[in-house]
Amino acid sequence: MRKLSLFSGIGGIDLAAHWAGMETVAFCEREPFPQKVLKKHWPNVPIYDDVCTLTAERLKEDGIIGSGRTIDIISAGYPCQPFSHAGERKGENDDRHLWPEVKRLLQETRPNWFVGENVAGHATLGLDDVLDDLDDIGYTAQPFIVPAAAIGALHRRDRVFIIAHTKREGWKGVLHPHFEPGKKQNTDWKTDALDAHRNSISWLEQSSGEPSLFRSDDGFPDWLDRTLIISRLQALGNAVDPHQVYPIMAAIKAIDDQL
């Protein structure tokens, strides 16, 4: 499966997609620090810096899509500020309301799958509009709220995940291979996620190649140390724990393989 990643951040969803056997073929991320992380881990994958100017035509011109090279899935952690309880909750009246750009790219590229991500506050503001839009452009969608604590993280971190698939015949009856109606479900996916969590080392600390911060011998002036750590904290604050979304990406891959 070939994936287009929108509002990529430091690549949490994309790392989970990689574990699930998907290939991210392009990123769209405007912030410099997350771009640096993405370039470190996916050095050969192009990064577009403005979702408003990214089009299917441009992807064709750059060879991302074309004959035999379709986009199978789009992921998008579109900006949370319009919906977050930490902000003014202006919804579609917020200048950072960029869901319409995601909708446009879905219409232009027509992937079979879409995975959206946002804060829990989206459930009470804006989510109905997103689900209506997906229905209007030919997708069946289901939202879920999944906390990072569900996979053993030491913080709750509720997130809304929207899983959508094109309305085509035959897909609704395809279930995850581990699912058997009426029986206690196999939890191999959770075991896999927790094993990956235990065996992985710090993703972000490996990513930037910078010295430890706030050290007198790190070679950076204090003001730059503080700028770097603020960038790291902002990146982490906006990021998705890859273990949190991995079961979703693994299930999509398993289902898609059977279609």
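Out of the range 114-129, which residues are surrounded by fewer than 20 Cβ atoms within 10 Å (Cβ to Cβ), among the aliphatic types (A, V, I, L, M) and in contact with a helix residue (DSSP H, G or I) (Cβ under 8 Å, 6 or more places away or on another chain)?
Leu125, the sole residue that qualifies.
Which condition number does Pro82 fail, the rest of (1) surrounded by fewer than 19 Cβ atoms within 10 Å (Cβ to Cβ); (2) modelled with pLDDT under 95 being met?
Here Pro82 clears every test but (1).
Considering (1) β-branched (Val, Ile, Thr); (2) at pLDDT below 95; (3) over 27 Å from Asp256 (Cα atoms), say which one Val119 fails and leave the rest.
Here Val119 meets the rest and fails (3).
With Val37, Val25, Val45 as the choices, which residue is modelled with pLDDT under 95 and farther than 22 Å from Asp136 by Cβ?
Val37
Could you grab the pairs with beta carbons closer than 8 Å, sequence gap of 6+ or different chains, first residue in the range 59-71 and free of Cβ contacts under 8 Å to residues at least 12 places away in the same chain, second one surrounded by 12 or more Cβ atoms within 10 Å (Cβ to Cβ)?
Listed by first residue and then by second, the contacts come to Gly63/Arg69; Gly66/Lys60.
So Ile74 ticks every box in (1) surrounded by fewer than 16 Cβ atoms within 10 Å (Cβ to Cβ); (2) outside any loop (DSSP other than H, G, I, E, B); (3) modelled with pLDDT of 95 or more but one. Which box is left unticked?
With (1) surrounded by fewer than 16 Cβ atoms within 10 Å (Cβ to Cβ); (2) outside any loop (DSSP other than H, G, I, E, B); (3) modelled with pLDDT of 95 or more applied to Ile74, the lone miss is (1).
How many residues are surrounded by 15 or more Cβ atoms within 10 Å (Cβ to Cβ) and either among the small types (Gly, Ala, Ser) or in a helix (DSSP H, G or I) (or both) when one looks only at the range 130-155?
Qualifying residue count for the region: 8.
The values are calculated or read from the model by the stated rules, or taken from the named source; none is laboratory data. Since this is a predicted model, take the numbers as computed values, not measurements. In this analysis, Cβ positions are derived from the backbone assuming ideal geometry, glycine residues included, and neighbour counts consider all displayed protein chains.
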